[in-house]
Amino acid sequence: MDVELQELGRAVKQAQYRQHRALDSALQTIGTTLAQWDALRAISRSPGASARELAAATFQTEQAFGTLAGRLTAQDLVERRPGHGRRIEHHLTPTGRKTLTAGHKIADEVLADCFSALPNADRATLLYLLQRLAAAPDGP
């Protein structure tokens with residue numbers, strides 16, 4: 001059976017869109033957005049990382065991440081500190097850590113709902129296949 005690749009691509013995008021909408025809506029209950037929570041996750045994984053590193057980790061441009069980091073700093077979720085040379089390091093504040101923890105609980109609930117139609121074996125297969133796609137070399 002041949003799979004229509006555009007249909008496959010659209011199905012992946014639809015699932016991602018549904019998941020992002022659900023996460024963004026649920027995260028509003030703790031006063032944050034999906035983009036903000038994702039940035040907090042990235043900073044938590046790599047304390048002291050630069051805007052360039054965090055932009056790549058969150059699939060944003062460096063400029064977009066800089067704007068987001070400015071908002072997170074204004075909300076006392078992130079602290080920016082001078083690093084080596086012109087480097088600016090990013091760290092979570094105590095408020096940022098609390099927001100991140102609350103977001104993890106919400107994400108667990110939302111994602112459990114998003115993937116509830118799939119038995120665990122199918123979830124494992126889907127994860128494996130997506131990881132294979134992500135690890136594949138970029139095209140020409």
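No lab work stands behind these numbers, since they all come straight from the coordinates. Predicted model only: the values in this text are computed from it and were never measured. When we count neighbours, we look across all protein chains shown, and the Cβ atoms used for this are built from the backbone with ideal geometry, even at glycine.
Structure notes:
- Between helix 120-135 and the chain there is an angle of about 70 degrees, using the helix long axis and the longest principal axis of the Cα atoms.
- Over the range 1-47, equivalent-ellipsoid semi-axes from the Cα gyration tensor in Å: 30, 15, 5
- Degrees, to the nearest 10: 34-45 long Cα axis against longest axis of the chain: 70
- Ordering of 52-63, 127-138, 27-38, 8-19 by packing [mean C-beta count within 10 Å, highest first]: 27-38, 52-63, 8-19, 127-138
- Within-12-Å neighbourhood charge of Thr101 [Cβ basis; K, R +1; D, E -1]: +3
- Angle between the chain longest axis and helix 94-114 axis [Cα atoms, degrees, rounded to 10]: 10
- Over the chain, dividing the summed -39,500 (n - 2.57) contributions of all DSSP H runs of at least 4 residues by the number of residues returns a 222 nm mean residue ellipticity of -21500 deg cm²/dmol.
- Intensity falloff of the range 28-114 expressed as log10 I(q)/I(0), Debye formula with alpha-carbon point scatterers, at q = 0.12, 0.14, 0.24, 0.26 Å⁻¹: -0.33, -0.45, -1.19, -1.35
- Classification of the range 41-91 by its C-alpha gyration tensor yields a rounded form. The axis ratio a/c (a ≥ b ≥ c) stays under 1.5.
- Most mobile listed residue (Ala22, Ala64, Ala49) in the chain, GNM with C-alpha springs under 10 Å: Ala64
- Computed over the chain: relative contact order in percent, which uses C-alpha pairs under 8 Å that are six or more apart: 24
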